[in-house]
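Below: one structure, written as structure tokens.
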Amino acid sequence: MYDVNKIRKDFPILSRTVNDKPLVYLDNGASAQKPQVVIDAVTKAYAEEYSNVHRGLHTLSNIATDNYEAVRGKIQSFLGAEHPEEIIFNSGTTEGINMVSYGWGIPNLKAGDEIILSVMEHHANIVPWHFLRERQGVVLKWVETDADGALDAQAVIDTMTDKTKLVAITQMSNVLGTVVDVKTICDAARQRGIATLVDGSQSSVHMPVNVQEIGCDFFAITGHKLYGPSSSGAIYVRKERGDEMQPFMGGGDMIKTVERDIVTYNSMPHKLEAGTPGIVQMIGLGAAIDYMQDIGMENIAQHEASLRDYAVKKLSKYNWLDIQGQTNTKGAIFSFTIQGAGHPHDISTILDQRGIAVRAGHHCAQPLMQHLGITASARASFAMYNQLDEIDKLADALEFCHELLA
Ligand SMILES: *Cc1c(COP(=O)(O)O)cnc(C)c1O
């Protein structure tokens, strides 16, 4: 049995009030709250077991290195990767995708080569490719979503040409909640020798994922959305693609030898991990992944599906509420505007008075906003600890917004 009350007790912040109201935290798409086990792991790592990793021979350095490196195996199993060295640690999806752009894109792509993106990508999966467009003449090709916010895998496949070198696509939209059939896309790309990058920033939080089943070459996750510390994360790099990559950043740890005129690089994954990493952040992320896996990704997905269904039922009654993203397999992410209510920032401010945290803006997805013909929306995004009565509170507050603003 999924005991949401028990889960809520694991997250200390959920018992606080905001503006004298119990907190209703619906900004999980931007960042999730942290369970006590993560806070404890971070505290312990600093209070009892802290040192730099890898280079030391003393006791604390060995403990810190063991704790830190153990997280690689946890992420490997969380993502279903074949080898631990396919997991590259980083500060999150933004760094991960930039690493692929610099480390794989620059040495392997040339003018006229094509990268396929969907129109609903997060800026983190757009701007690093714009760098290659600006600097190397790479061509960006865009695939549209339909009126419900669905992305047709066949439309992506139909966009592939002899010049396509990479398909970079999200598995779950942070705005629409749309879940994409990335397996079909990656299978087709692989048959054509095209590399694939899946942005798993949202999907990895809300459903079981398996990179070998998906068949992608790169899969990016970001720790702060996975109930872990900010500035933690990882990217899966399929072994063969790792061999095609040049180091993204140079510095300590990523080298074998450095001489005046020669440098040789460390083996994977260290070749792609320069400098002192987020030691404690990664240890905290390891604790977060253990916590999620104890609850079970299937169970989390099921609970969130019931939240989604309840929210759909509740919110679709309002004919003045425009919800962006209407597919029935979507994640529990609701972006919306209220007809005639002006800027969505006002919605967020009014909801905050009731202790309800939602985001308003372009959600780092301006091409999608342009596609939808809006400049901004408000977004309520759910997590494993949200419950049905919070949807009731959201609905009441939206009725209030509608009366006040429209
Ligand atoms: C949050 C998010 C990102 C960026 O993650 P960072 O943690 O800011 O690096 C990228 N893609 C999607 C779909 C996201 O939701």
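Values computed for the structure shown
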read-out: Residue within segment 56-78 that is in contact with a helix residue (DSSP H, G or I) (Cβ under 9 Å, 6 or more places away or on another chain), within 27 Å of E213 (Cβ to Cβ) and within 16 Å of the ligand (Cβ to nearest atom) present; value: yes
read-out: R133 basic (K, R) and touching a residue at least 24 places away in the same chain (Cβ under 8 Å); value: no
read-out: Residue satisfying condition, being buried (at least 19 other Cβ atoms within 10 Å of the Cβ), within 16 Å of the ligand (Cβ to nearest atom) and within 20 Å of the chain's Cα centre (by Cα), within set A234, A287; value: A234
read-out: Pairs with Cβ under 7 Å, 6+ apart, first in segment 297-321 and basic (K, R), second assigned to a helix (DSSP H, G or I); value: K314/I391; K314/A395
read-out: Residues of segment 8-38 classified as in contact with a helix residue (DSSP H, G or I) (Cβ under 7 Å, 6 or more places away or on another chain) and assigned to a helix (DSSP H, G or I), total; value: 6
read-out: Selection from segment 133-149 of residues that are more than 16 Å from the ligand (Cβ to nearest atom) and either assigned to a loop (DSSP other than H, G, I, E, B) or of a type in the set (S, T, N, Q) (or both); value: Q136, G137, V138, E144, D146, A147, D148
read-out: The lone exception for H130 - which of (1) of a type outside the set (G, A, S); (2) under 16 Å from L197 (Cα atoms); (3) within 16 Å of the ligand (Cβ to nearest atom); (4) crowded, with 22+ Cβ neighbours inside 10 Å it fails; value: (4)
read-out: Qualifying residue in segment 252-274 (condition: away from the ligand (no atom under 13 Å from the Cβ), modelled with pLDDT of 95 or more and at positive phi); value: no
read-out: Yes/no for M207 being within 16 Å of the ligand (Cβ to nearest atom), among the hydrophobic types (A, V, I, L, M, F, W, C) and touching a Ser or Thr at 6+ places or on another chain (Cβ under 8 Å); value: no
read-out: Residue in segment 111-118 that is among the acidic types (D, E), touching a residue at least 12 places away in the same chain (Cβ under 8 Å) and within 16 Å of the ligand (Cβ to nearest atom) present; value: no
read-out: Number of the condition not met by Y318 [criteria: (1) surrounded by 14 or more Cβ atoms within 10 Å (Cβ to Cβ); (2) among the hydroxyl-bearing types (S, T, Y); (3) closer than 30 Å to A234 by Cβ]; value: (3)
read-out: Qualifying residue in segment 166-177 (condition: modelled with pLDDT of 95 or more, over 15 Å from the mean Cα position of the chain (by Cα) and not polar (S, T, N, Q)); value: yes
read-out: The lone exception for V37 - which of (1) away from the ligand (no atom under 16 Å from the Cβ); (2) closer than 27 Å to L351 by Cβ it fails; value: (2)
read-out: Members of segment 87-110 found to be within 13 Å of the ligand (Cβ to nearest atom) and in a loop (DSSP other than H, G, I, E, B), listed by number; value: S91, G92
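The values are calculated or read from the model by the stated rules, or taken from the named source; none is laboratory data. Note that this is a predicted model, so its numbers are computed, not measured. With ideal geometry, Cβ positions are generated from the backbone for all residues, glycine too; neighbour counts draw on all protein chains shown.
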